[in-house]
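The values are calculated or read from the model by the stated rules, or taken from the named source; none is laboratory data. In this text the structure is predicted, and so the values were computed from the model without any measurement. Cβ placement follows ideal geometry from the backbone for every residue including glycine, while neighbour counts extend to all protein chains displayed. Each accessible area value is taken on the protein alone, full model and side chains, heavy atoms only, with ligands, DNA and RNA left out. Shrake-Rupley method; radii C 1.70, N 1.55, O 1.52, S 1.80 Å.
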Amino acid sequence: MDIRQLNYFIAVAEERHFGRAAKRLHMAQPPLSQQIRQLEEQLGVRLLNRTTRRVDLTTAGELLLDRGRQIVNDMETLKADVYQVGKGATGVLRVGFSGSATYGVMPQIARLAKQMLPGLSLALNGEMLTPSMEAGLRDGTLDAALLRPPVASQEIDYRVVDQEPLVVAVPSFSALAEDKPVAMHELQDQDFISYAPESVLYRITSDLCRQAGFQPRITQVVGETSTMLAFVAAGGGVAVMPSRVRAFQLDGVAYREIDNAPPVELAVAWLRGHRSALLHNFLDVVVAATAPGHDPLPKDERLSLS
């Protein structure tokens, strides 16, 4: 018994008439009658009681009609689900992102993903450093990552999607909290709160301090942006971070721009050779969410997965 024979039987069982069933199926009546006889022979039971005027179901036929409808419906649902997955319109994507991205692009990306790909579920892993995200992409625990370049691994491709200036978070009660840009040399006597040494922002902060003629006095190393800001609010020191973190307003913290500091980049990264349609569509969402005006990308501008 195949799905085609099952559909033939359901049509006859519902119409209770071979002629009407044949018309519904857009076929001639003799081939339909032959298919039903073959089905009965395969199953070894009579499914229909035929008269010249109507067709009645046997007990076995009633069972087949009931279960057959479920099977046909399940098959149609399965076909639709497979199509959606194949087109990258549904599924689960595991995404890592840096802590500072929490306050900037990630909300935009999540919001646009819900609009453009309503069947996509994002399994988000936040407050990750670039080396950890690289490892996750390589070992398959992450499908994509929003990280800070540079990327060390040759196995990972990425595209820069955002640039933002650096700011320094300072205690709001300190003399540095005046509403004007600060030069790095003004911070030489300050305690610094920093991400771990393997982070990109740690290296950027250290380089800026050295260029200003001093070594940063790092008194606290933390893993989460929110924790870093809590230490700043408590007067524990200052912290250099991307400007979008200013969206996180915390009592006791003031943000100041840094003179002549280079912008810090944010990139979307993926494992080279990962060609899933779901990932491809997500990359389009990321680029659209970070583009001016948040306009969706035309098809000919979609990211190429090399």
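For this structure, a couple of remarks:
- Probe 1.4 Å, protein heavy atoms only - accessible area per residue of the stretch 187-292 in square angstrom: 43
- Choice from 229, 278, 57 showing the highest fluctuation, given a GNM over the chain with Cα pairs closer than 10 Å: 57
- Rounded to the nearest 20 debye, the dipole size of the chain about its Cα centre is 1880 debye, using +1 on the Cβ of Lys and Arg and -1 on the Cβ of Asp and Glu.
- Inverting the pair-averaged 1/r between distinct Cα atoms of the stretch 22-75 gives 12.3 Å as its Kirkwood hydrodynamic radius.
- Rolling a 1.4 Å probe over the protein heavy atoms leaves residue 151 with an accessible area of roughly 30 Å².
- Cα centroid separation, the stretch 1-56 to the stretch 150-195 (Å): 75
- Using the rule -39500 (n - 2.57) for each DSSP H run of four or more residues, divided by the residues of the chain, the 222 nm mean residue ellipticity is -12500 deg cm²/dmol.
- Average Cα contact separation per residue, the chain, under 8 Å, 6 or more apart, as relative contact order %: 20
- Selected from 226, 33, 276 as most flexible by GNM, with the chain as the system and alpha-carbon contacts under 10 Å: 33
- Against the chain, whose longest principal axis comes from its Cα atoms, helix 277-290 is set at around 40 degrees.
- Accessible surface of the stretch 126-280, 1.4 Å probe, proportion on carbon and sulfur as whole %: 47
- For q = 0.08, 0.12 Å⁻¹, Debye-computed log10 I/I(0) when each Cα of the chain counts as one equal scatterer: -0.54, -0.82
- Think of the chain as a dipole: +1 on every Lys or Arg Cβ, -1 on every Asp or Glu Cβ, centred on the Cα centre; then among 237, 282, 3, 3 lies furthest on the positive end.
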